[in-house]
Structures are given as structure tokens and as C-alpha cells.
Amino acid sequence: MDAECLECVPCVQPELPAAEEEDSREGADETVGDEEGREQQDVPDPESPETSVLGDDQKDVICNFEQSVQPRKEWIPTVFSCFGKEHFWCAGYEIIIQESIENYGGVIWPAAKALCYFLEENRDEFNLKNKKMLEIGSGTGLVSIVACILGAHVVATDLPEILGNLRFNLSRNTKGRCLHYPEVRELTWGHDLQRNFLNTSCVFDYILAADVVYHHTCLDKLLETMKFFCQPGTQLIWANKFRFKTDFEFLSDFHSSFETEVLAEYPELEVKIFKATCKVD
């Protein structure tokens, strides 16, 4: 994973209320109606001091110092929620991620970058080729994209409002680069897991999650979801930047629920990567 850059793409478009927009159209009609009269008034007077003779082979220039456009109303721009793109390199490919500021899942967080780097650097130990992998909280799709490029059969999941941008990024960056085309599925942590993922909870070789733990109210549901998918034979790899007290409280519950080990630490990012497997009764 090489250096990345951030390109901001502002999207600004004027928007007028309906009533004011109607006034503007009426004003435009009046202007068009005055064209004939104005053509008669604009005939240059050779004796006028506003006319400068430039020469026989050049046209006269009429200098009218009256302001031709009067501002009718204040312009109020509407700023749409566009953010930018991030560029990465993985396994010889450039990855371009479209971000959005609509929600937390629309941007790339530090643990996702760290996990991608870890997977690429340790592909011999964690060989994803032809492995079935589920990502919890895929967000922009960066981790799922890297897993695809490394050969995994990926199911990327997130909330309904995240899926549009997730699908776009996955399609854009995996076409012609992967053994298995990625699947995108809706997943709300702790809700309808048996019904929505019937007969799939035991088939995943890897469960990946990056920066899914932060200051939110769904931590119990997240742990429930991790337990549901992490069946015997499954390895859960979780990367997270530890920011808040709640992060460490979740880590304690995580240790209690799984057999865990630390795979890597990145102190400069405050990120740790853990591997977890089911506890043997």
C-alpha cells in the first residue's frame, strides 16, 4: 500500500425558492419584450462624447457606463454532500475510493488502511485466495476491494444507506482484477440474522471488520453479530483505532467472547489488529 492522496470535489449549485424563481422568469420576459425599443435607443450618435473614432478600418466602440444588470435578490448556494477520492496501491493495482460525508460509513478510517496493509504484507500466512470472506461494516469498501484483489470470494455488508456508494466502489475497483466478483448485502447488526443469512453462517473462512467500534449505541448488537458469523473454523480479524472508553469496554467483552490474539499494532495510528476464534467449551 503506497502513499495516498486526497482530491476534493466541491459540488455547488444555486437554488432559489419557487416564488422567487417565478419572479425571475417574469423579469426575464420583460427584458426580452424591450429588445425592439432598446435597439432603437442603442443607435450610436456620431457627435456623442461617448463615441470614440478608432480609424477607418476599425469599428466604433460604444461605451455605456450604466449598470446593465441590477441584482434582484441575494444568491444562496446549495452545497451538496460530495467529498472526494482517495488513491491507494495494492497488489499492483491503483484503488480509487469515492467518499461521502453523509455518514460515518462514507469515509475511510485509519484501521481500514492498516488492515489492508496487513493483509497484503501477510498474504502467505493469511491466504485469501478462493476463501469465503464476509466483511462487517464495509463502508466505502476498501477492505473488501483488497480482499477481492487478493483472491477472496467477498460478501460486503453494511446499512441500506451505505450500499449505493459501496457498490460503486466495489464495481469500479474489482472489474477485471479479481477471481470472484464481490457480493453486496444489507446487514443491520443484530437484526434478522437467521432469516437474512440462513445457511450462510458456517461457510465463511474469514470475517473482517475495521473501525466498527466507536462511540455508538450498537456495540452489544455488533458483538452479537460477530458471534453469529464466527463459527467453528472461522477466523475473525478485527482492526480498530482506540479512541474512547467505550472502545476499551468493547475490547474487554470481545476477549471474554472469543479466543483472541494480537496480530499487529500501529502505535502511530493508535490501531490494533486482533484475530479471534470461537471459544472451545
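Couplings 3J(HN,Hα) for region 216-231, derived from phi with the Karplus relation 6.51 cos²θ - 1.76 cosθ + 1.60 (θ = phi - 60°), are 9, 9, 10, 5, 5, 5, 5, 5, 4, 5, 4, 5, 4, 8, 8, 8 Hz, where x marks Gly and Pro. Protein heavy-atom accessible surface, 1.4 Å probe, per residue over region 125-281: 47 Å². Other residues whose C-beta falls under 9 angstrom from the C-beta of V154 contribute a net charge of -1, scoring Lys and Arg +1 and Asp and Glu -1. In terms of its alpha-carbon gyration tensor, region 123-281 comes out rounded; the largest-to-smallest axis ratio a/c stays below the 1.5 threshold. Dipole size of region 148-238 about its Cα centre, with +1 on Lys/Arg Cβ and -1 on Asp/Glu Cβ: approximately 340 debye, rounded to the nearest 20. Judged by the mean number of other Cβ atoms found within 10 Å, the most tightly packed of the peptides 148-160, 120-132 leads the ranking 148-160, 120-132.
Other residues with beta-carbon under 11 Å from the beta-carbon of G190 carry, at +1 per Lys or Arg and -1 per Asp or Glu, a net charge of -1. Between H153 and N130, K131, K132, M133, the built amide H atoms are under 5 Å apart, and every one of these is 5 or more places off in sequence or on another chain. Pairs of alpha carbons in region 115-182 separated by more than 20 Å make up 21% of all such pairs.
For A264, nonlocal amide neighbours, meaning residues 5 or more places apart or on other chains whose placed amide H falls under 5 Å from its own, are I273. Filter the cross-link list K221/K279; K129/K279; K132/K245; K245/K279; K131/K272 down to pairs whose alpha-carbon distance in this structure exceeds 28 Å. Pairs exceeding the cut-off: K132/K245.
The values are calculated or read from the model by the stated rules, or taken from the named source; none is laboratory data. Everything quoted here is computed from the prediction, not taken from an experiment. Because the Cβ atoms are built from the backbone with ideal geometry, glycine has one as well, and the counts that use them run over all protein chains shown. Each accessible area value is taken on the protein alone, full model and side chains, heavy atoms only, with ligands, DNA and RNA left out. Shrake-Rupley method; radii C 1.70, N 1.55, O 1.52, S 1.80 Å.
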